[in-house]
Amino acid sequence: MNGVSILWESRELFLQGALDTLTLVLGCLVLSLPLSILGAVLMNESGPSLKRALRELFDFLRCVPFLLLAYVIYYGLPELGVRLPPWWAGLVSLTLYNAAYLVEIFRAAFNGIDRDNIEAAQAFGFSRLQTYRRVILPQAVITAAPLIGNQTITAMRDSAFLMIITVQELTFTANFVSANHFSPFAPFAMAVGLYWLMSVSIEWVVGRMGIIRRSRYG
Amino acid sequence: MADPIPAISVKRLCKEFDGHEVLRDIDLDIPAGTTTCILGPSGSGKSTFLRCLNWLEIPSSGAVFLDGRRVGGETNAAGKVTVNRRELAETRAKIGMVFQHFALWRHLTVLQNVTEAPIQVLKRPRQDVETQAMAILEQVGLADKAHVYPHALSGGQKQRVAISRALAMKPKVILFDEPTSALDPEMVGEVLAVMRSLAKGGMTQVIVTHEMAFARDVSDTVVFMDGGQIREVAPAKEFFAAPKTERARRFLS
């Protein structure tokens with residue numbers, strides 16, 4: 001059986017695999033964005049000891065190879081009595097790992113906001129919470145969008161590792177199809193193509209946000 | 001008849017930065033409905049003093065009163081300051097501020113800049129606030145810019161938006177921190193014109209400025225500062241005609 005007919009026969013599997021990867025990445029974004037914003041705010045607002053503890057935690061997370069983090073959460077945690085199904089273990093590892101990077105991105109974006117924009121909010125009687133919600137965050141999200149986009153693409157690439165802990169995503173699918181047909185090239189090339197397509201779509205969304213930013217900020 | 005309570009009253013205000021004394025023992029009453037210009041050489045503490053009035057700089061000691069109510073928190077004998085954040089925010093909402101570099105919120109349109117604080121801080125209904133904001137923008141000649149973002153405006157336009165933003169809060173006082181210093185010369189006039197009409201309308205204004213002609217013609221009172229202290233407080237006409245202190249004479253010449 002040639003490559004094209006293998007792919008055609010497995011089209012539904014690939015579609016499902018790509019959707020599963022997208023779901024993972026979206027789930028990771030939905031969870032890690034608020035988590036990392038909270039982390040960045042805490043690092044800005046907390047006292048020296050909590051700030052130090054958070055810094056150590058995020059630095060540590062960024063130092064661990066992603067695959068090892070996924071191993072620890074999937075294979076290691078059950079020893080401590082926490083047993084997660086593969087998909088959830090994958091999502092948790094992806095979220096933690098991604099959030100550790102996003103915290104840094106948000107912190108940099110917070111620090112880049114014009115001091116006088118924050119001062120004006122204070123002078124007009126905004127509470128600290130209102131200042132974050134109405135001035136700091138909206139500006140930070142717009143300026144950090146390209147970096148958040150890149151980080152999302154990185155998270156999507158990292159998600160391929162999750163096949164090792166048997167999460168049924170796109171790489172898992174490609175592996176499964178290639179094993180079933182004893183033909184690695186076409187299925188893996190297909191997976192590469194689909195990853196590329198999804199990356200380009202994320203880039204496109206980021207690009208749109210860039211256009212909005214330039215039209216407003218000049 | 002007792003004197004009415006001043007809009008702003010400052011008692012023995014001191015401010016230090018890292019042991020360096022920037023403001024020393026400042027006492028000042030600013031009557032409601034007047035325009036006061038604070039003049040003085042660079043580094044005399046004018047801007048720091050203005051920023052102490054709404055506690056953007058926290059005084060090292062002394063107190064500021066707005067309509068007889070204490071601004072900010074208590075400063076004890078050891079110079080330790082306790083701030084009640086909620087009360088401070090409530091007081092600040094009654095004090096408008098216009099900054100040298102405009103400080104417009106860059107992610108919001110002109111109209112949103114003007115309506116943001118009344119909606120978020122004063123919790124007034126959006127519809128009312130927008131109607132009022134449009135009227136203010138009309139008044140400063142910027143109604144046609146309501147839906148553009150600040151970056152598309154000239155310096156003079158930005159500063160008029162900044163004044164509109166302050167006015168929308170219906171403040172008891174507006175503080176101006178060198179409002180024309182960052183402007184091209186040909187744009188200074190349009191901003192001063194707005195401030196002049198506010199003075200006529202009885203708005204209480206405290207203005208740090210280097211615009212001598214404006215101070216002479218528009219303000220009721222001139223406060224002359226040097227070396228972190230007030231050297232002279234006088235009606236504007238008197239101050240410019242015959243300054244009492246030698247330092248002020250040198251400053252004006």
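The values are calculated or read from the model by the stated rules, or taken from the named source; none is laboratory data. Because the structure is a prediction, the values reported are computed rather than measured. Every residue, glycine as well, gets a Cβ built from its backbone with ideal geometry; the counts of neighbours run over all protein chains shown.
A compact table of results
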item: Only one of A:145, A:121, A:140, A:155 that is buried (at least 19 other Cβ atoms within 10 Å of the Cβ), within 14 Å of chain B (Cβ to nearest Cβ), touching a residue at least 60 places away in the same chain (Cβ under 8 Å) and assigned to a helix (DSSP H, G or I); result: A:145
item: Residue identified as surrounded by fewer than 16 Cβ atoms within 10 Å (Cβ to Cβ) and away from chain B (no Cβ under 14 Å) among A:186, A:191, A:174, A:179; result: A:179
item: Any hit, the range A:63-79, residues being within 13 Å of chain B (Cβ to nearest Cβ) and either buried (at least 16 other Cβ atoms within 10 Å of the Cβ) or within 22 Å of the chain's Cα centre (by Cα) (or both); result: no
item: Total residues in the range A:206-218, condition of a type outside the set (S, T, N, Q), assigned to a helix (DSSP H, G or I) and either within 14 Å of chain B (Cβ to nearest Cβ) or touching a Ser or Thr at 6+ places or on another chain (Cβ under 9 Å) (or both); result: 8
item: Options B:28, B:56, B:23, B:50: the member that is aliphatic (A, V, I, L, M) and buried (at least 23 other Cβ atoms within 10 Å of the Cβ); result: B:23
item: Residue, farthest from residue A:144 (Cα to Cα), within the range B:95-134, restricted to residues that are surrounded by fewer than 19 Cβ atoms within 10 Å (Cβ to Cβ) and of a type in the set (Lys, Arg); result: B:124
item: Only one of B:125, B:59 that is under 14 Å from residue B:15 (Cα atoms), away from chain A (no Cβ under 11 Å), out of contact with any Ser or Thr (no Cβ under 6 Å at 6 or more places or on another chain) and not aliphatic (A, V, I, L, M); result: B:59
item: Check on residue A:36, under 14 Å from the mean Cα position of the chain (by Cα) and of a type in the set (Gly, Ala, Ser); result: yes
item: Selection within the range B:223-253 - in a strand (DSSP E or B) and closer than 18 Å to residue B:23 by Cα; result: B:223, B:224, B:225, B:226, B:229, B:230, B:231, B:232, B:233
item: Failed condition for residue B:108, given (1) at the interface with chain A (Cβ under 9 Å from one of its Cβ atoms); (2) more than 18 Å from the chain's Cα centre (by Cα); (3) part of a strand (DSSP E or B); result: (3)
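Conditions tested, residue by residue: (1) at pLDDT below 95; (2) closer than 24 Å to residue B:162 by Cβ; (3) out of contact with any Leu (no Cβ under 9 Å at 6 or more places or on another chain).
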position	(1), (2), (3)
B:198	no, yes, no
B:204	no, yes, yes
B:233	no, no, no
B:247	yes, no, yes
